[in-house]
Amino acid sequence: MAGKIGVYFDLANIGGLDAATLAKGVEEKWGKLTPVVKSVPVLAESVQQISDDIIEHALDGVLLCGASPRVDADLYRFKNADGKAIQVGHVNLREQCVLCYRNPDNTPADPGNPPNLLTLMARDYVNMGIVRLQKTEYGEPAIVEGVKRILVIGGGWTGMHAAREASTSGYEVVLVEKTGRLGGAVNNIPVASPLCSPWTDKEPVKLPERIKELCADSKITVLLNTTVADLAGEPGRFMARITGQDGTREYEVGAVVLAAGWTPLSEKFLAPMGLGKSPAIVHAGQFAKMLIDGTVQARRIAFVLDTTLAEQAFASEADAPEKAVAAAEAAGEDAQSDGENMDKPFVKEDLESIRHLKYSNVVNSVGMLRQANIICDRTNDATQAFIIYKNMAIPGILERFYKKMQNRLGIMMTKADVTDISDHGDRVVVTCKNTLLGMDFDLDVDLVVLPCGIVPVTAKDLTVNFAYRQGPDFPDLELFDGFADSNYICFPYETRRTGVYAAGCVRQPMTLDGCEEDACGAVLKAIQCIEAGDHGVAVAPRSGDMSYPQFNFVRCTQCKRCTVECPFGALDDDEKGTPKPNPSRCRRCGTCFGACPERVISFADYSIDQISSMIREVEVPKDFKKGGPRILILACENDAYPALDMAALRHRTWSPYCRIIPVRCLGSVNAIWISDAMSKGFDGVLLLGCKYGDDYQCHFIKGSEICNLRRDNIAETLNRLGVQPERVEQLEIAIDEYDAIPDLIDGFVARITAMGPNPFKGM
């Protein structure tokens with residue numbers, strides 16, 4: 001806890017503020033707590049001066065008042081005379097004070113004559129920064145000596161590549177494959193799409209050579225016909241029990257790469273397109289086996305990439321129960337008379353599964369180009385290959401391959417709506433409409449190849465049996481149609497179980513070159529996780545954070561809210577039902593202490609008392625009409641806070657009546673903060689967080705969603721206080737929606753202004 005704080009104003013970044021006035025206010029209010037208060041011309045050029053002040057005045061905290069903490073934070077790492085790191089705090093006076101300020105009448109501020117409201121805003125932020133630093137400590141890192149061994153689940157293309165990458169990086173590998181051979185789906189793909197420069201030609205995968213090389217690697221232990229019985233422990237020191245024909249063996253591992261692969265979508269989903277009704281209609285996976293066996297006799301082949309027929313068939317099947325009810329009600333009949341049809345258990349499942357055809361479009365697009373190329377090569381262009389597509393999706397540099405295939409003799413491509421595929425005995429007819437050729441036509445072929453839906457193995461089989469209080473599997477996988485969940489934008493390899501990193505088609509459908517890249521990424525994350533444990537710090541998104549939740553178990557009531565709501569399974573229960581922390585599983589989001597009704601959980605540098613103290617430091621005017629309202633904004637540090645910064649840098653402004661406090665996640669927001677704000681006299685509280693739902697953006701998986709669910713409790717608390725629940729609102733914002741933030745804030749301020757003052761104001 002900082003007992004002597006040096007406060008520095010960065011004149012280069014706070015133009016429009018009177019630094020002397022702010023410094024004088026700090027000296028008068030905080031006295032001995034702030035023995036050094038200075039204005040420096042350029043903060044980045046004053047690092048040595050600050051270091052000298054730390055030694056001379058025995059400072060144990062430094063508060064930098066200038067640009068956002070997101071700017072050049074790495075420049076400001078200071079140590080005391082004993083060589084120990086000291087606390088560094090930031091007050092964002094540039095983006096979230098000077099640049100975003102406008103007068104209440106919507107006119108801009110005069111840079112040479114700072115208005116009183118701007119000075120009040122800056123003073124509030126500085127005071128909040130001081131009290132935050134005063135209540136911040138350096139936590140002792142929870143070091144877990146990492147085992148330099150990585151468990152790779154899945155021996156397909158991705159898993160093999162991951163194993164080799166980990167071994168090359170100096171780590172031991174245990175590779176678990178549930179079947180009797182390595183290679184997975186690549187056993188049916190002897191020739192691959194381009195894997196390297198110049199990205200224009202298919203190439204052999206050389207699977208036998210790759211398997212031989214992998215098995216000869218002394219750092220890699222290959223276990224065939226085995227599965228993971230369970231995985232216990234925490235990142236750095238997991239204990240994996242592996243079950244196989246020879247019994248169960250235990251391996252200590254530091255991290256896991258989940259490369260369990262995929263299985264084809266059930267053939268019933270392609271039945272509306274003729275699959276299973278004719279031997280002349282196959283899907284891409286079956287055609288690949290025919291190429292290997294050399295049994296392709298057809299000389300006119302249609303590769304159909306339009307799955308509208310299948311999608312419409314299952315969509316109409318799903319609509320049937322609702323239509324039946326509507327028809328019964330219109331006829332005055334019992335709406336439940338068709339109950340058996342309404343309760344078909346397969347309808348919802350089918351609607352979710354059919355989406356895998358769309359998800360797999362990229363892989364099918366590239367794969368059908370490759371297959372058409374192969375068959376044309378084998379027959380010296382005696383075969384005619386017709387590629388009929390609705391949407392041709394070619395990723396990245398593989399566009400070169402696509403362009404070459406456009407000019408390939410024997411291949412004809414056209415965009416079209418495929419409205420029917422029918423077997424006429426001696427031929428199959430593909431009916432094409434709305435084509436690029438400017439006419440509708442019936443295409444007579446010998447064979448039709450349909451796309452193959454890629455279904456991740458986790459959708460069908462339990463891949464990792466976690467020995468966690470939260471259960472054996474990844475939670476809520478149905479939201480992702482079976483794919484291993486992650487934040488696809490920011491943290492593509494992360495899963496909800498820290499230390500387990502997904503790669504390849506278990507994460508999303510991808511081509512072989514994409515699987516190789518994914519394997520590298522997942523291995524790097526696994527290595528980072530092990531190294532982070534060695535240093536006692538967190539992994540993404542708060543990489544390097546040494547703090548972790550600390551519990552006052554004397555007051556714990558064993559309500560289990562923290563263990564249930566933790567998004568990452570960081571908490572187990574002991575034999576008495578008391579939370580049992582696993583520090584290296586923790587991502588430091590604070591969702592646990594947001595959930596705790598007794599407020600017994602805290603971090604060394606982030607606590608209930610710290611934020612409450614900051615709220616109390618804001619000067620709230622007693623006269624609503626003269627001083628205006630005061631709005632507290634609790635902004636998620638991952639999306640909302642950066643979006644606020646970007647809005648200000650783009651000269652977007654908002655109401656000067658707002659005070660912003662960054663929080664690690666809206667999941668960490670405790671109801672006591674709302675009560676404290678209302679008791680202080682704030683007129684409204686705005687919670688700005690990530691988007692949630694099926695297409696979630698929350699870095700901590702479900703923090704925004706949890707916060708929204710807690711609003712009922714907050715509303716109940718406010719009603720008891722005699723305060724309208726409408727004074728608290730939660731809004732969703734993505735990091736790229738910075739232009740929308742000012743309007744969202746001003747809209748909320750306008751609603752609060754119309755409601756009038758908080759009943760507690762002036763008390």
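The values are calculated or read from the model by the stated rules, or taken from the named source; none is laboratory data. Source: prediction; values computed, not measured. Here the Cβ is made from the backbone with ideal geometry for all residues, glycine too, and neighbour counts use every protein chain on show. Note: accessible area is taken over every heavy atom of the protein model, side chains too, but ligands, DNA and RNA are not part of it. Shrake-Rupley method; radii C 1.70, N 1.55, O 1.52, S 1.80 Å.
Quick one: plug the Kirkwood hydrodynamic radius of region 85-169 (C-alpha pairs) into Stokes-Einstein at 10 °C, 1.306 mPa s, and report D in µm²/s. The Stokes-Einstein estimate is 87 µm²/s.
What the Cα convex hull of region 1-157 gives, in volume per residue, is 193 Å³.
What separates the Cα centres of region 1-33 and region 538-557 is a distance of 31 Å.
Spin-label model, GLN724/GLU213: points 7 Å from Cα along the beta carbon direction are separated by 6.9 nm.
Given a cut-off of under 8 Å on Cα pairs at least six residues apart, what relative contact order in percent is computed for the chain?
Values: 1603 pairs, mean separation 98.9, N = 763.
It rounds to 13 percent for the chain.
For ALA740 and GLN312, the FRET efficiency from 1/(1 + (r/R0)^6), where r spans their Cβ atoms and R0 equals 30 Å, is about 0.25.
Averaging the sequence gap over all C-alpha pairs within less than 8 Å and six or more residues apart, then dividing by the number of residues, gives region 642-763 a relative contact order of 39 percent. The local environment of GLY247, defined by Cβ-Cβ distances under 15 Å, has a net charge of -1 under the rule Lys, Arg +1 and Asp, Glu -1.
Full extension of the chain between SER613 and ARG70 gives 193.2 nm of extra length, using 0.36 nm per residue less the Cα-Cα distance. For every other residue with a beta carbon closer than 14 angstrom to the beta carbon of CYS589, add +1 if it is Lys or Arg and -1 if Asp or Glu, then tell me the sum. Its environment carries a net charge of 0.
With a/c under 1.5 counting as rounded, go ahead and sort region 369-430 into rounded, prolate or oblate using the C-alpha gyration tensor (a ≥ b ≥ c being the square roots of the eigenvalues; past the cut-off, prolate if a/b is larger than b/c, else oblate). Could you put the intermediate results ahead of the total?
On the way: a/c = 2.88, a/b = 1.31, b/c = 2.20.
Oblate shape, in that a/c is at least 1.5 and b/c is the bigger or equal ratio.
Region 73-114 and region 214-291 have Cα centres lying 52 Å from one another. Counting protein heavy atoms only, the chain has 49 percent of its accessible area on carbon and sulfur, 1.4 angstrom probe.
For region 639-759, what is Rg from Cα atoms divided by 2.2 N^0.38 Å, rounded to two decimals?
On the way: Rg = 14.2 Å, N = 121, 2.2 N^0.38 = 13.6 Å.
Its radius of gyration relative to the 2.2 N^0.38 Å reference: 1.05.
Charges only on Cβ, +1 for Lys and Arg, -1 for Asp and Glu: so what's the dipole of the chain about the Cα centre, in debye to the nearest 20? Walk me through the numbers before you get to the answer.
Working: 81 positive and 102 negative charges, 288 e Å.
Using only the charged Cβ atoms, the result is roughly 1380 debye.
Over all orientations, region 128-226 has a Cα convex hull whose mean projected area works out to 11.7 square nanometres. Measuring only protein heavy atoms, the 1.4 Å probe finds GLU517 accessible over about 130 Å². Partner lysines whose Cα lies under 17 Å from the Cα of LYS403, excluding those fewer than 8 positions away in the same chain, are identified as LYS202, LYS415.
Dipole magnitude for region 352-458: computed about the Cα centre from +1 point charges on Lys and Arg Cβ and -1 point charges on Asp and Glu Cβ, it is near 620 debye. The slack between LYS79 and ARG400, meaning 0.36 nm per residue of separation minus the straight C-alpha distance, is 110.2 nm.
With a 1.4 Å probe and every protein chain left in place, work out the accessible area per residue of the chain in Å², rounded to a whole number. Kindly include the intermediate steps, with their values, before the conclusion.
Numbers: 31700 Å² over 763 residues.
Heavy-atom accessible area per residue stands at 42 Å².
So which trypsin sites (Lys or Arg not before Pro) in region 605-687 end up in coil per DSSP with only 16 or fewer other C-beta atoms within 10 Å?
On the way: sites: ARG616, LYS622, LYS625, LYS626, ARG630, ARG650, ARG652, ARG659, ARG664, LYS680; in loops: LYS622, ARG630, ARG650, ARG652, ARG664.
Loop-located and lightly packed - LYS622, ARG650.
Rounded if a/c is under 1.5, else prolate if a/b is larger than b/c, else oblate: which is the chain, with a ≥ b ≥ c the root eigenvalues of its Cα gyration tensor? Cα axes put the chain in the prolate bin. Beyond 18 Å between alpha-carbons counts as too far, so tell me which of LYS622/LYS680; LYS4/LYS84; LYS24/LYS626; LYS4/LYS79 fall in that bin. Those over the limit are LYS24/LYS626. Evaluating kT/(6 pi eta Rh) at 25 °C and 0.890 mPa s, with the Kirkwood radius of region 494-641 over Cα pairs in the Stokes-Einstein relation, gives 135 µm² s⁻¹.
Put LYS404, LYS702, LYS390 in order of accessible area, highest first, and with a 1.4 Å probe you get LYS404, LYS390, LYS702. Just check region 229-281 against the gyration tensor rule for me: Cα atoms, a ≥ b ≥ c as the square roots of the eigenvalues, rounded for a/c under 1.5, and otherwise prolate or oblate depending on whether a/b exceeds b/c. Prolate. From the P(r) of region 704-763, can you give the percent of Cα pairs sitting at distances over 18 Å? The answer is 50 percent, as a whole percent. For region 1-79, a simple Cβ point-charge model (Lys and Arg +1, Asp and Glu -1, everything else neutral) yields a dipole of about 220 debye relative to the Cα centre. Sorted largest first by accessible area at a 1.4 angstrom probe radius, with every protein chain in place, the residues LEU75, LEU634 fall in the order LEU75, LEU634. In this rough spin-label picture, where each label sits 7 Å from Cα along the Cβ direction, the THR578-GLU145 distance is 2.7 nm.
Packing order of peptides 80-89, 229-238, 732-741, highest average first: 229-238, 732-741, 80-89 (average count of other Cβ atoms within 10 Å over each peptide's residues).
Restricting to DSSP loop positions (anything but H, G, I, E, B) with no more than 15 other Cβ atoms inside 10 Å of their own Cβ, which trypsin sites (Lys or Arg not before Pro) remain in region 574-603?
Values: sites: LYS576, ARG585, ARG587, ARG588, ARG599; in loops: LYS576, ARG587, ARG588, ARG599.
Those satisfying the criteria are LYS576.
Sequence-distant contacts, meaning Cα pairs under 8 Å at least 6 residues apart, place the relative contact order of region 589-699 at 37 percent.
When the listed pairs LYS289/LYS390; LYS29/LYS625; LYS178/LYS212; LYS580/LYS691 are checked against a 23 Å cut-off, the alpha-carbon distance exceeds it for LYS289/LYS390; LYS29/LYS625; LYS580/LYS691.
Return the calculated 222 nm mean residue ellipticity for the chain, to the nearest 500 deg cm²/dmol, obtained by summing -39500 (n - 2.57) across DSSP H runs with n ≥ 4 and dividing by the residue count.
Values: 20 runs with 241 residues, N = 763.
After summing the helix terms and dividing by residue count, I get -10000 deg cm²/dmol.
For region 142-173 versus region 428-472, the spacing of their alpha-carbon centroids is 31 Å.
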